[in-house]
Amino acid sequence: QVRLVESGGELVHPGGSLTLSCAASSDDFRLYDMSWYRQASGKRREMVASIRTSGATNYRDSVKGRFTISRDNAKNTLVLQMNNLSPEDTAVYYCNKAGGPAWSWGQGTQVTVSS
């Protein structure tokens, strides 16, 4: 079972930027399309951005132009660069496979956007 560890979340002011990282414990990471997800308090988890093994990316409409997903297969790492953050981006952010049976969910990393 692959272990996922997310990091980089913190409190940031509106308009600020953050970079989130997800470290996978297995080289299997490179074999799968990957996504960042987020779950705001009281809401369902939602997909934020995805990246295929080919490098092709996809974003939910609300983050297009602000977030950038990337991956480093040599380091088994998934990255989410987030710019121009708004309070609506406040959530716990997770990474996992983009489709098929999910790996065990990590603890996530809390992003809070507030003035």
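The values are calculated or read from the model by the stated rules, or taken from the named source; none is laboratory data. Bear in mind that the values here come from a model prediction, so they are computed numbers and not experimental data. Here Cβ is always computed from backbone atoms with ideal geometry, including for glycine, and neighbour counts include all displayed protein chains. Ligands, DNA and RNA are excluded from the accessible area calculation, which covers all protein heavy atoms including side chains. Shrake-Rupley method; radii C 1.70, N 1.55, O 1.52, S 1.80 Å.
Within region 15-37, restricting attention to residues that are of a type outside the set (Gly, Ala, Ser) and touching a Lys or Arg at 6+ places or on another chain (Cβ under 7 Å), the residue that is surrounded by the most Cβ atoms within 10 Å (Cβ to Cβ) is Met34. All of (1) touching a Lys or Arg at 6+ places or on another chain (Cβ under 8 Å); (2) open to solvent by less than 60 Å² (accessible area, probe 1.4 Å) hold for Arg45 with one exception: (2). Taken over region 1-14, the residue count meeting the criterion of being under 19 Å from Phe67 (Cα atoms), assigned to a loop (DSSP other than H, G, I, E, B) and open to solvent by 60 Å² or more (accessible area, probe 1.4 Å) is 3.
At least 2 residues being more than 16 Å from Gly106 (Cβ to Cβ) is the threshold, and among the strands (runs of 3 or more DSSP E) wholly inside region 15-93 those reaching it are 18-24, 46-51, 57-59, 67-72, 77-82. The residue that is farthest from Gly8 (Cα to Cα), among those in region 74-85 that are surrounded by 14 or more Cβ atoms within 10 Å (Cβ to Cβ) and out of contact with any Gly (no Cβ under 7 Å at 6 or more places or on another chain), is Asn76.
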